[in-house]
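The values are calculated or read from the model by the stated rules, or taken from the named source; none is laboratory data. This one's a predicted model, so the numbers in the text were calculated from it and none came from an experiment. Reconstructed Cβ throughout: ideal geometry from the backbone, glycine too, with neighbour counts over all protein chains shown.
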Amino acid sequence: TEETLVLVKPDGVARGLTGAILARIEAKGYSLVDLRLVEPDRDTLEQHYAEHEGKPFYEPLLEFMMSGPSVAIRLAGNRVIEGFRSLAGTTDPTTAAPGTIRGDFGRDWGLKVQQNLVHGSDSPESAARELAIWFD
Ligand code: ATP
């Protein structure tokens, strides 16, 4: 079995969608190994988003991620990394497929950063790195 880091980002928590998102994750058969409400500091977010440093959306992304609490989830299951990203849908909520979390609930706010409700690790290496940042 495999593990991934899922975040319900501040827009998801603020809009009261944590339960709806968790329901989809659980219905798919994945297991909640650990779950906590987090208010990450800048240092944590710089580590998490290191690959995006210097991009135009980097500063707005960090500001957004510090705008309110997120829910961090250690999620386990067979092929859960790929599977959760499939549940989440593509980055841009406007074009994410209906049936996905971002496609069904995501709104295009016309902001500098995509407020797209969730994050999921994109590879086993990312998952190990990100789980260490958020849970250790
Ligand atoms: P995905 O890979 O499916 O986009 P992700 O959350 O891992 O999911 P990243 O490419 O790692 O996406 O980008 C991190 C976050 O930064 C995105 O989820 C989104 O909130 C924001 N973001 C990424 N690209 C853009 C962009 N071009 N414009 C605005 N915001 C962006």
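Within segment 30-59, if we keep just the residues that are of a type in the set (Ser, Thr, Tyr) and in contact (Cβ under 8 Å) with a residue 40 or more places away in the chain, the residue that is surrounded by the most Cβ atoms within 10 Å (Cβ to Cβ) turns out to be 30.
Listed here are the residues, each with its yes/no results for (1) in contact (Cβ under 8 Å) with a residue 24 or more places away in the chain; (2) closer than 16 Å to residue 6 by Cβ; (3) within 12 Å of the chain's Cα centre (by Cα).
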{"site": "93", "(1), (2), (3)": "yes, no, no"}
{"site": "105", "(1), (2), (3)": "yes, yes, no"}
{"site": "113", "(1), (2), (3)": "yes, no, no"}
{"site": "119", "(1), (2), (3)": "yes, yes, yes"}
{"site": "122", "(1), (2), (3)": "yes, yes, yes"}
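Selection within segment 61-81: residues that are in a helix (DSSP H, G or I) and surrounded by 14 or more Cβ atoms within 10 Å (Cβ to Cβ). The member of this set that is farthest from the ligand (Cβ to nearest atom) is 80.
Applying the set (1) over 16 Å from residue 48 (Cβ atoms); (2) modelled with pLDDT of 95 or more; (3) within 11 Å of the ligand (Cβ to nearest atom) to residue 126 leaves exactly one unmet item: (1). In segment 26-54, what count of residues is obtained for those that are hydrophobic (A, V, I, L, M, F, W, C), part of a helix (DSSP H, G or I) and over 15 Å from the mean Cα position of the chain (by Cα)? Count: 2.
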